[in-house]
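The values are calculated or read from the model by the stated rules, or taken from the named source; none is laboratory data. Bear in mind that the values here come from a model prediction, so they are computed numbers and not experimental data. No Cβ is skipped: glycine too gets one built from the backbone with ideal geometry, and neighbour counts run over all protein chains shown. Protein only, heavy atoms only, side chains kept; ligands, DNA and RNA dropped before computing areas. Shrake-Rupley method; radii C 1.70, N 1.55, O 1.52, S 1.80 Å.
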Amino acid sequence: MRVVATAGHVDHGKSSLVEALTGTNPDRLEEERSRGMTIDLGFAHTTLPSGAGISFVDVPGHVRFLRNMLAGVGGVDACMFVIDAGEGWKPQSEEHLRILELVGLAHGIVALTKADLVDDEWLALQELDVRDRLQGTFLADAPIVPVSAATGHGLDELRTALDELVQSTPASVDRGRPRLWIDRVFAAKGSGTVVTGTLTGGELHADQQVDAAGRSVRIRGVQSHGQSHATIGPGNRVALNLAGVDHGDLQRGDAITIARQWRPTARFDASLQVLHTLRHHVSRRGAYLAYIGSGEFPVKVRVLGTDAIAPGSTGLVRLHLSIAIALQPGDRYVLRESGRDETVGGGDVLDVAPVLPASKARPDRSVDRVISERGWVSVDDLEALTGERREPTIDRWVVSDEALRTAEQAVRTRVDAAGEMGLDLAELDERQRAVAASLDDIVVASGRARPMGSADTLDQHPYIAALHAGGLTPPSADGVDKLALRELLRRRLIVERDGIYFHPDAIDHVAMVAARLLHDQPEGFTVSELRDTLDVSRKYALPLVNELDARGITRRRGDVRVAGPRLPSVDAGSEPA
Ligand SMILES: Nc1nc2c(ncn2[C@@H]2O[C@H](COP(=O)(O)OP(=O)(O)OP(=O)(O)O)[C@@H](O)[C@H]2O)c(=O)[nH]1
Ligand SMILES: [Mg+2]
């Protein structure tokens, strides 16, 4: 269902028109009814002649409530711009039109209201004047429909125009990244906290765990215009019943999102289009209010790349908020100066997490710029930062060409320096390991990276041969490279027990000797007996018998060794060695 906001000067008949179209008086507050003036946002919906549904967000026209108007127009698809045919163009006609342009609206129709109070000649004049003032704006070619909420005259034409508007306004895009800027929060009897807003970017569904202004909450129920839904798509007015949060903890301007998809930010770069009606430049630094989504945020502005932005021109700015909010490039904002109570301008969010200092930053919407400024960015981070999901360059990262070349060079240098043993992968960080694995000229095996073509000669290491020759009285490891020693052990090319290194064959041999001993004397043998049988000193016999115990070949029972579960069987045919 398309969501359409009203706009226009105070008392020009916006709310009356919404009521005439929908049967619902959008002025729901007691004070609004008694004063005959809209203060806060109102909501109503109806079905158009074609059968299409339409939702209205009715905004106040009075300049004092401009912040509420701004809260209402973020997230809507189109507008119904209202001008009193008798009064004609007024200050908030102008200001609302500028704001609608700044928030990026591209579709709308114009209603020339209270047509019953003027004659045809005046009506025709006003129509010409309005058409003139819409020149160069998104409403330049919009239909202007004379209408009277009092007599009903022109309502059918207006409905037809709204139908055409709804047909020609593109549906809200589903990017799988829902965000709902909260415009109302209240406690509903029996169901706890309820928030409402216009959903954009993706679907929400009941029982979903979502983020509400930094709190993890569960959606207990989803409604749109009083109807419950299991799932609701973007472009709809939505009421969410939330579990896990008090209504006092949330406020207009907070957003409902899926936490992992966003990187809330308090500092972002943006374009700033300064209204040509502003009488002064926007200078280097200043304090303002930024209107983003449904929220109003105090903000400090720093102009980028130049000293000031002149009225009617567009520049770049860095904005600092006092809290972090879920933004994405392309989000629109409106800037107002609270002191002077004037709209300064607005623009596009360009970079939600700028990495360059303000003196160097030249932001734009390019995703490639985000990648090249970071060098390395995970696929998930990139999506959270830009809304765009890219294929990874390497493993789970998107990497700029330059950063990749630098990393490849660094890894090659380190691998080359490590020599024939190769480089222990544990010495590289996650990114470097991914680079090592990706390089054709580097072989990664057994936890080490070696240059391709350098044969793995570890199994011909001289110490293996020396141990083999040493048999049961092997030479010590003095002088053998520590790294090589560790790798030889890890690959089980040699065995270490109690600080003595053996060839694996020596252990196998002793295992057979033990098997024969126990075959002859199942009650067990002592270390001395083994030592005598093997004809070695205690220095070697003890580690050997300990190794047998460790392997489960023998088991210690008091002073003797008995058969363990892994004792080899004695081949009756073979003679003792
Ligand atoms: N005669 C006549 N009076 C109208 C018509 N539309 C609205 N009015 C009257 O104009 C006054 C203002 O109408 P609203 O609908 O409250 O105007 P609004 O634009 O919503 O005002 P704000 O929300 O405060 O900006 C009310 O007294 C209405 O009764 C119309 O078509 N004909
Ligand atoms: Mg009103």
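For the range 521-544, which positions are free of Cβ contacts under 8 Å to residues at least 24 places away in the same chain and either open to solvent by less than 10 Å² (accessible area, probe 1.4 Å) or among the basic types (Lys, Arg) (or both)?
Those that are free of Cβ contacts under 8 Å to residues at least 24 places away in the same chain and either open to solvent by less than 10 Å² (accessible area, probe 1.4 Å) or among the basic types (Lys, Arg) (or both): 531, 538, 541.
With the requirement that a residue be loosely packed, with under 14 Cβ neighbours inside 10 Å, more than 25 Å from the chain's Cα centre (by Cα) and either among the β-branched types (Val, Ile, Thr) or not in a helix (DSSP H, G or I) (or both), what does the range 379-434 give you?
Scanning the range 379-434 gives a single hit, 413.
I'm checking my understanding of the structure. Among residues of the range 27-38 that are assigned to a loop (DSSP other than H, G, I, E, B) and more than 8 Å from ligand 1 (Cβ to nearest atom), which one is surrounded by the fewest Cβ atoms within 10 Å (Cβ to Cβ)?
Looking at residues that are assigned to a loop (DSSP other than H, G, I, E, B) and more than 8 Å from ligand 1 (Cβ to nearest atom), I get 29.
Report yes if residue 510 is over 24 Å from residue 463 (Cβ atoms) and of a type in the set (Val, Ile, Thr), otherwise no.
Taking the combined requirement at face value, the residue does not satisfy it.
Residues in the range 509-520: is at least one open to solvent by less than 50 Å² (accessible area, probe 1.4 Å), closer than 15 Å to residue 467 by Cβ and among the aliphatic types (A, V, I, L, M)?
Checked against the condition, which is being open to solvent by less than 50 Å² (accessible area, probe 1.4 Å), closer than 15 Å to residue 467 by Cβ and among the aliphatic types (A, V, I, L, M), the range 509-520 yields at least one hit.
What number of residues within the range 22-40 are more than 9 Å from ligand 2 (Cβ to nearest atom), touching a residue at least 24 places away in the same chain (Cβ under 8 Å) and in contact with a strand residue (DSSP E or B) (Cβ under 6 Å, 6 or more places away or on another chain)?
Looking only at that region, the number is 1.
Tell me which of these residue 485 doesn't satisfy, since it passes every other one: (1) more than 45 Å from the chain's Cα centre (by Cα); (2) of a type in the set (A, V, I, L, M); (3) within 24 Å of residue 416 (Cα to Cα); (4) open to solvent by 60 Å² or more (accessible area, probe 1.4 Å).
(4)
Looking at the range 321-337, can you tell me whether even one residue there is over 26 Å from the mean Cα position of the chain (by Cα) and exposed (fewer than 15 other Cβ atoms within 10 Å of the Cβ)?
No, that holds for no residue.
Does at least one position in the range 44-54 carry a residue that is within 11 Å of ligand 2 (Cβ to nearest atom) and in contact with a helix residue (DSSP H, G or I) (Cβ under 8 Å, 6 or more places away or on another chain)?
No, that holds for no residue.
Within the range 55-80, restricting attention to residues that are part of a loop (DSSP other than H, G, I, E, B) and under 33 Å from the mean Cα position of the chain (by Cα), which residue is nearest to ligand 2 (Cβ to nearest atom)?
59
Could you tell me whether the range 253-266 includes any residue that is assigned to a loop (DSSP other than H, G, I, E, B) and over 14 Å from the mean Cα position of the chain (by Cα)?
The answer is yes; a qualifying residue exists.
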